[in-house]
1. Given 253, 241, which one is closer than 25 Å to residue 299 by Cβ and touching a Phe, Trp or Tyr at 6+ places or on another chain (Cβ under 7 Å)?
2. Can you tell me which residue in segment 242-271 is nearest to residue 373 (Cα to Cα), limited to those that are under 30 Å from the mean Cα position of the chain (by Cα) and not in a helix (DSSP H, G or I)?
3. Give the number of residues within segment 244-266 that are over 15 Å from residue 381 (Cβ atoms) and among the small types (Gly, Ala, Ser).
4. Quick one: which of 89, 58, 11 is touching an Asp or Glu at 6+ places or on another chain (Cβ under 8 Å), at pLDDT 75 or above and β-branched (Val, Ile, Thr)?
5. Checking the structure you have, find out if any residue of segment 171-183 is under 26 Å from residue 344 (Cα atoms), among the polar types (S, T, N, Q), touching a helix residue (DSSP H, G or I) at 6+ places or on another chain (Cβ under 9 Å) and buried (at least 16 other Cβ atoms within 10 Å of the Cβ).
6. Report whether or not residue 216 is under 21 Å from residue 117 (Cα atoms) and either under 15 Å from the mean Cα position of the chain (by Cα) or surrounded by fewer than 15 Cβ atoms within 10 Å (Cβ to Cβ) (or both).
7. Select from segment 124-148 the residues that are modelled with pLDDT of 90 or more and part of a loop (DSSP other than H, G, I, E, B) and list them in ascending order.
8. Those residues that are in contact with a Lys or Arg (Cβ under 9 Å, 6 or more places away or on another chain) and farther than 19 Å from residue 62 by Cα, I need them from segment 76-103; list them, please.
Amino acid sequence: MSIQKLLDDVTLWRESYKKANALFDRQLAPAFRLLNLFCINEMALSNCLAFLLDKNETHGQQDLFINKFYELFSSQKNIQLESKYQVVTEYKIPTGRRIDILLTDHKNYIAIENKPWACNQKDQLKDYGTWLHEEAKNDKNWLLIYLCNREINEYTLSEDTDESIRDNVLHITFYELRNWLIDCALYVQAPKVKLLVEDLIQYIQENVNGEINMKQQDELVKMILSNSNNLNSALLIANNIEVVKKELFDKFIKNLRDQTANLGMVGIKIEGDTEIEKRYAGFQIKFDPNDYFVLRWESQGTMQRDIIYGIRRKDATVQPNKKLYKHIAEQMEGILSSPQSNELWWPAWDSPEKNAMPKFIEDETWISFFHPQESTFTKSVIEIIRQVYEKQTLRALLKER
């Protein structure tokens with residue numbers, strides 16, 4: 001069959017690619033990523049960007065990065081900093097919120113809300129915009145950049161936000177940011193800085209945008225388009241890949257049920273969502289039929305990307321309760337690496353960049369679902385379930401509302 005032949009050809013090509021990489025490992029280390037040696041979370045990524053955007057930093061490239069950065073929004077907003085400006089990270093405003101990156105001079109403000117993975121907080125952009133608008137008054141210019149691959153939504157910038165604020169909020173994606181870095185890399189003269197920029201490009205492509213190696217992509221496309229049989233087979237496979245993923249996902253859920261039962265965790269209910277390709281899809285654990293909160297893993301983007309996990313209210317009938325949310329968050333300390341709270345749905349949650357959970361879009365995760373008993377992802381999920389199951393004070397809070 002032509003489908004089997006294509007699968008065999010792709011498998012052979014993939015193995016050949018791995019062998020070729022292995023041959024050049026010592027000379028080129030093609031799989032090496034400098035930034036993967038460090039814990040790169042949202043704050044670390046902000047620090048990298050702030051470092052490049054500060055023309056007085058030790059990268060020595062003067063205003064190369066900031067001038068190229070202006071080009072990302074010059075067609076929509078004409079704002080540029082004076083020759084003397086400051087770059088600050090985690091700038092705290094009076095409401096207690098922190099702006100990820102703030103660039104200021106005596107006439108301008110450029111604020112960047114960096115959202116590579118984490119979910120939005122209620123009215124976050126509205127609060128930042130309101131503060132910037134009040135600070136700028138009538139004699140200063142300001143711009144709030146929402147750096148994220150997801151669109152700005154009403155939850156973080158409500159429709160009742162004043163037009164004078166909304167007009168100064170700009171959405172830039174990490175795909176655009178990657179292109180900015182690629183453009184800058186062409187003009188970087190210092191080899192050490194060029195290495196940093198190139199590694200940052202690869203990191204964003206692979207860990208934020210979920211893009212595969214471009215050379216691999218080109219070769220695979222060439223193979224598929226080499227003849228009509230390959231093209232027909234590839235289209236047929238593509239049309240059924242979601243069914244394959246659903247089968248793997250169901251297998252993963254069944255394995256979770258089997259393993260928790262074998263460990264003596266009685267009375268818990270593990271459920272996987274039926275439409276896993278949609279935004280906010282995931283799976284959850286209910287420890288008691290009377291619980292109002294569940295332990296849940298959930299996608300914040302489409303195609304099973306940007307997974308967060310933690311304690312979430314079971315449905316919209318459970319009203320948010322700040323006091324209860326605080327108690328739940330306190331109990332989740334030690335289970336979550338860096339527990340955060342969402343005022344609406346999540347009393348306590350964590351995200352992949354902090355806990356090294358794999359994102360569902362990665363091939364390794366789907367392959368791990370094929371052998372769930374051996375999967376590190378499955379083991380980490382089981383361990384978190386066990387910790388919540390054994391924490392009686394937390395279990396009692398899940399029954400409150």
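1. Criteria check complete, one pass: 253.
2. For segment 242-271, the residue satisfying everything is 270.
3. Residues in segment 244-266 being over 15 Å from residue 381 (Cβ atoms) and among the small types (Gly, Ala, Ser): 1 in total.
4. Just one listed residue meets the conditions, 89.
5. At the first step, the residues of segment 171-183 found to be under 26 Å from residue 344 (Cα atoms) are 171-173.
So of that shortlist, the ones also among the polar types (S, T, N, Q) come out as 173.
Filter once more, so that each one left must be touching a helix residue (DSSP H, G or I) at 6+ places or on another chain (Cβ under 9 Å): none.
No, segment 171-183 has no match at all.
6. When the stated conditions are applied, residue 216 does not pass them.
7. Selection gives 148 alone.
8. Of everything in segment 76-103, those that are in contact with a Lys or Arg (Cβ under 9 Å, 6 or more places away or on another chain) and farther than 19 Å from residue 62 by Cα turn out to be 89, 90, 91, 92, 98, 99, 100.
The values are calculated or read from the model by the stated rules, or taken from the named source; none is laboratory data. Keep in mind that this is a model prediction, so the values were computed, not measured. Methodologically, a virtual Cβ is constructed for each residue, glycine included, from the backbone with ideal geometry; neighbour enumeration extends over all protein chains shown.
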